[in-house]
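Read the structure below first, then the notes.
The values are calculated or read from the model by the stated rules, or taken from the named source; none is laboratory data. Owing to the predicted nature of the structure, the values given are computational and were not obtained by experimental measurement. Positions of Cβ are backbone-derived with ideal geometry, glycine not excepted, and every protein chain shown enters the neighbour counts. In case anyone asks, the SASA skips ligands and DNA or RNA and just uses the protein heavy atoms, side chains included. Shrake-Rupley method; radii C 1.70, N 1.55, O 1.52, S 1.80 Å.
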Amino acid sequence: MRESTSQSDTMDALDQQLISLLRSNARMSVATLSHRLKVSRGTVTNRIAKLEKEGIIVGYTVQLRPDSQPNNIRAWMSIVIAGNETRSVIAALLGEPGVAALHDTNGRWDLLAEIRAENLNELSSILERIRLIRSIQSTETSILLTTYRNQVGR
């Protein structure tokens, strides 16, 4: 695992602006990025390569409008882990295909998992598999009913 450094040690204002533009549209061309940042295309290409190499940019993705997949069920599962087994639980959850996102959190819950399923039967199977993971002490699941605001890239 890469030793983490603070972002201020590895990123300057130009990197921050570049990341902001990529967050708004990761498919923006290097030419457009260079024009907006008022730097050469070579500078943009080099900066992106550096940010990827340093593990600051770890990937690119497609974000879909929530109603574009009307039959897809989304749920949030809050998880409490027994003892000092967080790493093994995270590893198991990352191997679960129904887990779309996994977040470390503070407070009452140790982890927050976003679950995606095509129907309630599949959701039930995913939840059952997760609850069988060793060292998961308790869970609470809430099904997402409506999204009122979804700021993409923020």
Find the accessible area per residue for the chain; the probe is 1.4 Å, ligands and nucleic acids are left out, and the unit is Å². 71
Counting pairs of alpha carbon atoms under 8 Å apart in space and at least six apart in sequence, what relative contact order in percent does the chain give? 25
At 222 nm, what helix-only mean residue ellipticity would the chain give, in deg cm²/dmol to the nearest 500, using -39500 (n - 2.57) for each DSSP H run of four or more? -11000 deg cm²/dmol
If we count every other residue with Cβ under 10 angstrom of I90's Cβ, Lys/Arg +1 and Asp/Glu -1, where does the sum land? -2
With r defined as the distance between the Cβ atoms of R131 and T86 and R0 fixed at 22 Å, what FRET efficiency is calculated, to the nearest 0.05? 0.85
Measure off, as a whole percent, the carbon and sulfur share of the 1.4 Å-probe accessible area of region 29-151, all protein chains present. 48
Round to the nearest 10 and give me the degree value, 0 to 90, for the angle of helix 41-53's Cα axis relative to the longest principal axis of the chain. 30
Pairing the Cα long axis of helix 13-24 with the longest principal axis of the chain, what angle in degrees results, from 0 to 90 and rounded to the nearest 10? 50
Where the centroid of each part is defined by its Cα atoms, how far is region 42-64 from region 78-96 in Å? 29
For region 100-138, listing GluC sites (Glu not before Pro) in a DSSP loop whose Cβ sees at most 14 other Cβ atoms within 10 Å gives E118
Take H103 and Q17, extend 7 Å from each Cα along the Cα→Cβ direction, and tell me the distance between the two endpoints in nm. 3.0
How much net charge surrounds A101 when only other residues with a Cβ under 11 Å from its Cβ are counted (Lys, Arg +1; Asp, Glu -1)? +1
Cα-based radius of gyration of region 33-154 once divided by 2.2 N^0.38 Å, which approximates compact folds: 1.36
